[in-house]
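Here is the structure we will look at, set down as structure tokens.
The values are calculated or read from the model by the stated rules, or taken from the named source; none is laboratory data. Here the structure is a predicted model, which means the values were calculated and not measured. For neighbour counting, all protein chains shown are included, and Cβ atoms are generated from backbone atoms with ideal geometry for every residue, glycine included.
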Amino acid sequence: MEGCMAINSEGKSGGIALMWKEGVKVDVQNFSNHHIDFLVTFDENDAIWFTGFYGQADPNLRNQSRDMLRRVKRTIKEGWIVGGDFNTIIKNAEKEGGVESRENL
């Protein structure tokens, strides 16, 4: 890999790593314990924004994660991809075991 950036985990949860190969231009724009924002440029006129994301594990703090994504979205003019772990489920039918979640996307 030509380059990499890592955000360490907090205890047993979290952690984000970004790696890219030679020939890919990556400009890290912003980062926190829960995200890395970067612009990937393929040639002079072709770029895309990417956010590597790790959502809050605590359900009471997940709105903070979503608010951060909303703030990032307001600054982006290029196409945007968000990837990572949102620490949530879309429907309770996807969950196996434990207490049923009251929070769905």
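Restricting Lys73, Lys95, Lys77 to those that are exposed (fewer than 11 other Cβ atoms within 10 Å of the Cβ) and either basic (Lys, Arg) or at pLDDT 80 or above (or both) reduces the list to Lys77. Inside the stretch 1-50, residues that are acidic (Asp, Glu) and not in a strand (DSSP E or B) make up a count of 3. Within the stretch 9-31, residues that are farther than 23 Å from Ile76 by Cα reach partners that are outside any loop (DSSP other than H, G, I, E, B) with beta carbons closer than 6 Å, at six or more positions or on different chains, in the pairs Gly14/Tyr54.
Starting from residues that are closer than 11 Å to His34 by Cα and touching a residue at least 12 places away in the same chain (Cβ under 8 Å), keep the ones in the stretch 63-103 and report whichever is nearest to the chain's Cα centre (by Cα). Across the stretch 63-103, the extreme among qualifying residues is Gly84. Number of residues in the stretch 63-102 that are among the acidic types (Asp, Glu), under 30 Å from Ile48 (Cα atoms) and part of a loop (DSSP other than H, G, I, E, B) equals 1. Might you check whether a residue that is among the hydrophobic types (A, V, I, L, M, F, W, C) and in contact with a Ser or Thr (Cβ under 9 Å, 6 or more places away or on another chain) occurs anywhere in the stretch 91-104? So far as the stretch 91-104 goes, no, none of its residues is among the hydrophobic types (A, V, I, L, M, F, W, C) and in contact with a Ser or Thr (Cβ under 9 Å, 6 or more places away or on another chain). Taking Gly55, is it under 11 Å from the mean Cα position of the chain (by Cα), in contact (Cβ under 8 Å) with a residue 24 or more places away in the chain, at positive phi and surrounded by 14 or more Cβ atoms within 10 Å (Cβ to Cβ)? No.
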